[in-house]
Structure formats: C-alpha cells, structure tokens
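Reading through the structure tokens given below for one structure.
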Amino acid sequence: MIKYKSIVFLVSLFISASVFLPRQASAQGEHPGGRPNGDFAGKGGAIKVKVIDKTTSGLVEYASIVVYSVKDSSLVTGGVSDSKGVAFITQIPFGNYYVDIDFIGYIKQRKENIEITESKRFVDLGTVKLPQAAEVLQDVEVAADRKHIDYKIDKKIVNVSQDITSSGGSAVDALENVPSIQTDIEGNVQLRGSSSFTVLIDGKPTPLDGSEALQQIPASSIENIEIITNPSAKFDPDGTAGIINVIMKENQKQGVNGNFNLSYGSFNAFNGDFLVNARTGKFNFFVSGSYRDGKRKSETESLRATFSDSTFVNDVEGEGEFQHKGYDARVGADYFLTDKDIFTISGEYGNRGFERSGVSNYDQFTTDITERPFDDPSVDHTYYINQSGFSVSSDYISGDLNYQHKFNDEGHDLQAYVYYSSVVTDETSGFEQEYTNNEFEVLDSVTPVKERSIQDGENTRFRAKLDYTYPFSEHGKFEAGYQFRNRIGLTDYNYEVCDEGTFIDDSSQFNDVDFNRQVQSAYSTYTNRLGKFDFMLGLRLEYTNRLFISNIMNNEWTYSKLDYFPSLHVSRKLAWDIQLQASYTRRIRRPRPWFLDPFRSKMDEYNYREGNPGLEPAYIDSYELNAQKRFGKHFVALETFYRQTHNKFEHITRVDSMNPDILISSFDNVGSDESYGLEMMGNFNFATWWNLNITADIYRYSLDAMIEGTSTQKSTITYSGRLNNTFKIPKTNTRFQIFGMYRSPSVTAQGERGSFFMVNAAVKQSFLDRKLSVMFSLDDVLGTMKHHRESYTDYFYSYHEFDMISPTFKITVSYILNDFERRNEEHDAVEIENDSMM
C-alpha cells in the first residue's frame, strides 16, 4: 500500500521550498492565443519571444532573456525560455528597453527599440535564431566540448566521450564516475545500492540482464548513458532502483561516416569495435561490431566456520584469473516512407563469455573453539589444493521493428513496436582436489577428487507494444499505451564425478525446469501546468501470470496478480536559473527464474544452492526532491531521495539440517528495508584548460527482517565520493584526466561489506585534425583496488577478501571517418547544454 502520509509530507516539503525560494520573473500562464493571461492594469507590460537554433531550427530551452533599460543600461527583469523555446516576461514598467537573448554554446543576440506604454502593453519579438558558437569559432576546441554529466528534469546524462579513463573499456567503466552508481572490481553495477535495475539500449530491451548487458557494450560505441531513478508510468516498473538507458552512437548526416577503435592492455587484454553509418535519400543504414577479451588477476583470502556441537573450519588462501570475452554485431536501418511515417528495423547477434579459474590452498579442521581466529594446533588438520574453474558462454540474437506515424500537430504521434530475443547458455563449473601435507606438497598416495556440473539453458523473450501521444495544449499532453511481454526459460542441469579418468553422471544431481511469465500492461499519463507548477500524473496497471515447473519433482508452482503503479512528477522554475522537481513512483522487483528452482544443486563438497518456488515480488515506493542551479560556467545539483521496499527478498545462507558442515545458499522474502539520503554534484570550469567534476552521496540504510526464524534489525550510514579532473594543455590537442573514488562500508542482511578506494589516470593525444587519437590509461594507480565481505549468524561465520593485482594499463587508438564524432559533438554540445539548464 502507498504510504499516503509520506506523499503528503513530500508535497508539503516541495510547496514549502517553492514558497521560500525566489520566484521566477516570467509569467507562466497564457491562453492558447499566445498572449499572457490577466489584466495588466497597474502591472506594466509584457514581452514574448521564441528562441530556436539557427543551424538546426531546433527549439532552445532555458535560453536566458534579459531586459535592460535604455536610459542607464540597468537590468530590469528577465526569464528563461520553456520547453517550446518560448519566454513571457511580465510586470515590466512602462519605458524603453533592449533585450539580450543568450545561451551557452551560442552567440548572444540583441533586440533594440522596444517601447512599452499604457497603449502598447504587449510586445511580441517573434522568433530569434541563435547562431552556434562553433559557427564563429571553428578553431576553438572548447566549442564542441560537453560536460561529463548533464542533468535533465527526470534523468542524469553521462557523456561518455568526455571520460577518457574509460576508453577501451565497457559501459561499466564509463559508469564508475557517475552519481547514484556503484561499481566493484568484478564488473558488477549497483544503482543507489541496488543491483536490481533495468538496462535499455536506445530505449529498447536487451537480450542480457543488468550488469551482464553493461559489461558487453564497448564504451567507445556509446554516445551517452541516461540514469533514470524515478521513471514515469510509461516505463516498465521492473527494478528496485530504476533504469539505465544506453544511447548508442549514430549519425544521420548524408554520406558515409564512422569510427574505429582498438585497445590493448595488461595480461594481453584486447578490445576492438567499429561503427559505420550511411545516409542517402530516405534511407539511413548502420552496422557495428565489437570484440572483447579482457583479463584480470587477483589474490584471495577466506575463512569459513560452521557451528554445531563443534566448529568446522576452512581457512583458504589462493589466486585467480577471470576473463570477460565476447563479440557482437548490430545492423539496422531507418526508412523515411514520408515526412510523417518512419520504419526502423534492427538486429543483433553476439556471444558473451566469462571464465574464472583459481588455485587455492585449504587448511581444514574441526575444533571446540567458537570464536575467531579459530587457531587450534591441538587438532588434526587436513590440507589440500583446490583447482577450480567456471565458464559460461551465451549466444544471443535479437531483432525489433518500430513504426512511427507523426500527425500534423507537433508531438502528436503513434508508435508500434515488436521485439524478440533468444539467449542460449552453456555453463560448466568444476574442481579438482589434491590432498597435501602441511607444506602443500601433493600426496601421491591419495587419489584426487574431480567433479563438475553442466547446465544448459535457453531464454526467449517477446514484446509487443503500442504508444500514443497527444499534445492538447502548449503545456498539456496525454499519453496512453498497451504492452504484452512473455519470457520463457528452459534449463537442464547435471552433475558428474570422475572415476578413474572418466566422468560419470550423479543420478541424484539431475534437474530439468521450465519457466513461463506473461505480463500485460496498460498505462496513461497526463501532463499539464497548474499556475507556476508543471506536473505529470501517471498510472500503470499490470497483470502477471507466472508458471514454474520442476519436471524432476513432477511439480509446478503458479503465481498471478494484478498490480498498480502510480507516478507523480512536479516541477517549478524559480529565479536565478533554479529548477525544483519532486516525484513519486511505485516499482516492482521480480524474482529471476533460478531464484525459484527448489532443486538443491551442488557447487562443491561443502556448498549447495537451492531456490524458493514460493518467492514473491518485492514492491518499492520511491520519492525524490531535486534542485539544480547554474553559476555562470559552473553547475551544482542536489538530489534527495527516500526509498522503501516491502516484501523484500534477499540472498541468505543457512546450515544444512542434516549435515552442519554444509552451507545452503537460497532466497527468501525477509521483510522490509528503507534508505534515504542525498546526492550532490558540482561541475566547475575554473579555466578554459581545467574542468573539475565532484560528486558525493550519503544515505542511511536500515533493514527489518526475519531470517531463519530470527528477527534482524540493522542500519548503517553509507557514503561515497568521486572526483574527476580534466586538464587541456593550451594550443595542443592533449588532455589529461585523473579520477578518484571512495565507497564506505555497508551492511547486508547477514553481514557487511568493506570500504573501497581507487585512483585512475589517463592521457589523450589527438592528431590529423582530431581524426586520429591515442589514449593511455592506468587503472588503480595506487594499488588499493580490493574489498572484503563478512557474513555471520548463530550457526556460521564467513569472511572473504578479494585483492585485484594492479595497477593495469590500457592503450587505445581511435580513428574517425569523415568527421563522424566531431560533427555529432558540435551538434549535441548545444542540445545537451540546453537540457542541462533544467
């Protein structure tokens, strides 16, 4: 149930802030004729102006309109243009004026000889065309620069091209220096502390999920990444924390354009990708490809103890290597049937692979000691070397078709979309265990133990949707849509034991499951303006039907439910370029198929995994209150948020009731949690050669759970900070960047995670009129990239420390064909500057 008191509190807080902060000088209400509403008697006059881009004819939002007195050139009043590029400046005293229209990235324009009198109270300046600064300053490199992070009213935009430390890496590397995002050294991503989020590519679904999808996308093929923490009812509500939307590079200028990238790094890591775009007449065609083979090495220490009548201990030290590898090919085309009808078709084929191998020394013993460090020289110890390996390979294919019809009035359209994907996965995990003496010298008299598991699966997804948008006034818009989506999964699992060199099936370890989930959705949003407040109301209804079948157990589990997902977004423009925004959304986290599988599968001799077919979805209430302010060339943003999860499900570990030396990993609905805090971001241009971007966040997390019959209440304050310095050497094409980040310790349902700190550095040199560039980067310059985690209950204790071998280097070479990226930058620099003013 929605917390109505929380909504009242949020709205009250928003209204209070808007009352006490200074008001915008422009009038926000006007009738459809385009003139301000109301009687001007005693209030002076008004000026209207519409601002567009001279080159693209695009609307320029948040251009500054400043009114000066002709008499003494004093500033009288001012305002900013709205989403239609229009500004109304009201309550202007009678007199003679001139008006300056300006925006970052453009050449300022002036309108003179403006007279407001008793008989001439309203002056319409018509349409003002702002020339791009790049048209006048072709040789000034900064004209095409974009900030690393831009803010829109409902999202953060990460401009990947401005982060040279991520060159040659993946989307995960590009997200390291982003507010709201946390990444770890294994390539996993969290959004505001949650690994449950939705990944889209160009606003469309992906064959892979979450961090897996982000690890596969080369950073050099990305135009920007949108972070949407409180999406409206128009979007799927899946994911605790929101949406990460990856916008790929594409150029629709006439002719052939492209870019090509190669990189080489530590441990013989190699990456390459290309993108070629061709536009001719009514056709726009693109093709891209990538290959990735990235390796890292690590050292680990772990300690595990289970408690019953005695304490069973495993003390482990080891080293490992893991490798992300894969390839991907995308092809697509736009066909402009008419000016009103556009067909888009695209397809993707690729492979994602991951391999992990390790060699660990085990010291195993049983003692009566029940507290760390469990050292007991009086008992017998068993020593062995464990060589483990894990590999997964996923072949995926996807295709989509989109049709858009534009009606005569701007923004009025109808879109139909169909999507299909299939992912076939092969997974193998195994180990070889050789017994040794206390010096870890192999004992030939003892036969080694070899075991492995093999799992094959296929997941198919289908989606069809219809979206309609109708703008019924200058500030009003109605949206509605319907969607059907279906996910089908098939999985086979078996376990094998080596006997005299031959692997034999373990008949007790065979599994065969089917999964089918259908979700039907209908949504509607209503956008309008009420006084000086812009708002958007939304409601989404979803009916879910889930079926999980265990063919081995000859049993099935069903789940069906009708859910509702309301959303509310409110914004208010204030004076001094301040934008205030508040929002509420309700979201859902659905269990993944393998979370539900009740079969107990063997991971190794002392660790098993078991799902929960009765696992139910978790529901999230999310609130935000945000403000952004520009100070000349500098920009500051502040975001506050509150998020509460109901019926939370969590990964838990328990001791096997039949054998206390064995740990079972599973999932359960444990209770609720909440987190609230704030995020701060500052972008400062202290000089033409120095940009500083600082982000920091702090939030409180609390958990109220019931785990294995034991009530658990935990809370912690978690914080992190990032600093990104970019230096440009004057009169050269050389850039240097240094990035540092810190993340504080945090708690989990059964333990805690340690802190995390690292520093990266990179330099970029451009040649041949910036068509060719070479980048050199160092990751984890100080060698601090490591972390640890602990888990504990009354029945077990576990500690694991992971230390990545570093620093590592990477060299990347990029070539631009026919100014592909430069022309995109010069155009997008202005558009993104416009959006960021919000």
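The values are calculated or read from the model by the stated rules, or taken from the named source; none is laboratory data. Fair warning: this is a prediction, and the values are worked out from it, not measured in the lab. In this analysis, Cβ positions are derived from the backbone assuming ideal geometry, glycine residues included, and neighbour counts consider all displayed protein chains. Ligands, DNA and RNA are stripped out before the accessible areas are found, and what is left, the full protein with its side chains, is counted by its heavy atoms. Shrake-Rupley method; radii C 1.70, N 1.55, O 1.52, S 1.80 Å.
Things worth noting here:
- Heavy atoms of the protein chains alone define the surface here; on that basis region 307-349 has 49 Å² accessible area per residue at 1.4 Å probe size.
- Angle between the chain longest axis and helix 4-20 axis [Cα atoms, degrees, rounded to 10]: 40 degrees
- Positive end of the dipole of the chain (Cβ unit charges, origin at the Cα centre): among ASN626, TYR396, VAL424, the Cα lying farthest that way belongs to ASN626.
- Stokes-Einstein translational diffusion, region 463-542 - Kirkwood Rh over all Cα pairs, 1.567 mPa s, 4 °C, in µm²/s: 75 µm²/s
- Listed by chain and number, the lysines whose C-alpha is less than 30 Å from the C-alpha of LYS714, apart from same-chain residues fewer than 8 away, are LYS3, LYS5, LYS648, LYS786.
- Applying 1/(1 + (r/R0)^6) with r as the Cβ-Cβ distance of GLU708 and THR127 and R0 = 56 angstrom yields a FRET efficiency of 0.25.
- In region 222-354, Cα pairs under 8 Å separated by at least six residues give a relative contact order of 17 percent.
- Spatial offset of region 251-316 relative to region 573-607 amounts to 23 Å, using the alpha carbon center of each.
- Virtual spin-label span in nm between ARG592 and PHE336, 7 Å along Cα→Cβ: 4.2 nm
- Full-extension gain in nm, VAL359 to ASP769, via 0.36 nm per residue minus C-alpha separation: 142.6 nm
- Reachable lysines from LYS155, criterion Cα separation under 23 angstrom, eight or more residues apart if same chain: LYS84, LYS147, LYS204, LYS234, LYS249, LYS477, LYS532, LYS573, LYS629, LYS633
- With Cα atoms, 0 to 90° folded angle of helix 820-836 axis to the chain main axis: 70 degrees
- Using the 1.4 Å probe convention, the accessible area of region 389-464 works out to 52 Å² per residue with neighbouring protein chains retained.
- Average accessible surface area per residue within region 567-640, 1.4 Å rolling probe, Å²: 33 Å²
- A 1.4 Å probe, protein heavy atoms only, puts the accessible area of TYR795 near 130 Å².
- Fraction of accessible area attributable to carbon and sulfur, the chain (%, probe 1.4 Å): 54 percent
- Among ALA705, ILE504, THR183 the positive-end extreme of the charge dipole of the chain (Cβ point charges): THR183
- Protein-only accessible surface order, largest first, of THR229, THR280 at 1.4 Å: THR280, THR229
- Reachable lysines, given that their alpha-carbon falls under 19 Å from the alpha-carbon of LYS731 and they are not under 8 places away in the same chain: LYS764, LYS771
- With the convex hull constructed from alpha-carbon coordinates only, region 58-101 shows a mean projected area of 3.0 nm² over all directions.
- Pairwise Cα distances in region 735-789 exceed 17 Å in 55 percent of cases.
- Sorted largest first by accessible area at a 1.4 angstrom probe radius, with every protein chain in place, the residues ARG700, ARG735 fall in the order ARG700, ARG735.
- For SER657, the solvent-accessible surface computed with a 1.4 Å probe is close to 110 Å², ligands and nucleic acids excluded.
- Estimated distance in nm for a label pair at LEU401 and ARG700, the labels positioned 7 Å out from Cα along Cα-to-Cβ: 5.5 nm
- Bridge orientation summary for the chain: considering DSSP beta bridges with both residues in this region, about 95 percent are antiparallel.
- Relative contact order of the chain, defined on C-alpha pairs under 8 angstrom at six or more residues apart (%): 10 percent
- Extension gain, PHE270 back to LYS561 (0.36 nm per residue minus Cα-Cα distance, nm): 100.0 nm
- DSSP loop GluC sites (Glu not before Pro) with at most 12 other Cβ within 10 Å excluded, longest remaining stretch of the chain: 501-838
- The percentage of C-alpha pairs in region 289-370 whose separation is greater than 18 Å is 68%.
- Put a dot 7 Å past the Cα of LYS108, heading toward its Cβ, do the same for TYR792, and the two dots end up 6.4 nm apart.
- The relative contact order of region 472-589, computed from alpha carbon pairs under 8 Å that lie at least 6 residues apart in sequence, is 21 percent.
- Computed over protein heavy atoms with a 1.4 angstrom probe, the accessible surface ordering of THR716, THR367, THR793, largest first, is THR793, THR716, THR367.
- Rounded to the nearest 10 square angstrom, HIS787 shows an accessible area of 40 square angstrom against a 1.4 Å probe.
- About its Cα centre, the dipole of the chain is roughly 5360 debye, where the only charges are +1 on Lys and Arg Cβ and -1 on Asp and Glu Cβ.
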